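The numbers here are math on the coordinates, done by the rules we state, and not lab data. Note that the structure is a prediction, hence the values are computed from the model and not measured. Virtual Cβ from ideal backbone geometry, glycine too; neighbours counted across all protein chains shown.
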Amino acid sequence: MITRSFWAQGLEDLARLHTEVSFVELSDLTSIDVGGTAALAVTAQRLGSGRIVVDRPPPELERILHIFWPGHTGIEVAGR
C-alpha cells in the first residue's frame, strides 16, 4: 500500500529529475483520492514545461482530474 508520504516523496523525486516528459506507471495502485490527485496536479503545475504521462492509473484519477482540474495540460492519462 502506498502511503501519502511515499507518494509525496515520489512526486518530489519526479519534479527534481523531470525532463520534457516524465512517466508514472500506476498499474499496482488500486485507488487514489482527491488529496493524492491534488499532489500530482500541483507537481505538474510546478514543472512549468513538459508533462507527466500517467500510465494505467485507477479509474478515479481521471474523473478527479476532470472535476477539479479540467483542461489541465500538464498531465496525460494513458494505458487505460
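Below, the figures for the structure above:
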| item | result |
| --- | --- |
| Among 40-52, 60-72, the order from most to least packed when residues are scored by Cβ within 10 Å on average | 40-52, 60-72 |
| Rg to Rh, two decimals, where the chain supplies the alpha carbon set and Rh follows Kirkwood | 0.91 |
| Residue-averaged 222 nm ellipticity for the chain, from DSSP H runs of 4+ at -39500 (n - 2.57), nearest 500 | -15000 deg cm²/dmol |
| Under-5 Å amide H pairs with residue 24, H placed in peptide plane, nonlocal only | 53, 54, 55 |
| Whole-angstrom gap from the range 4-26 to the range 45-80, using each part's C-alpha centre | 13 Å |
| Selection from 61, 47, 21 lying farthest towards where the dipole of the range 4-78 points positive, charges on Cβ | 47 |
| Approximate spin-label separation residue 66-residue 28, in nm, with each point projected 7 Å along Cα-to-Cβ | 2.9 nm |
| Nitroxide proxy distance, nm - points 7 Å out along Cα→Cβ at residue 20 and residue 4 | 3.6 nm |
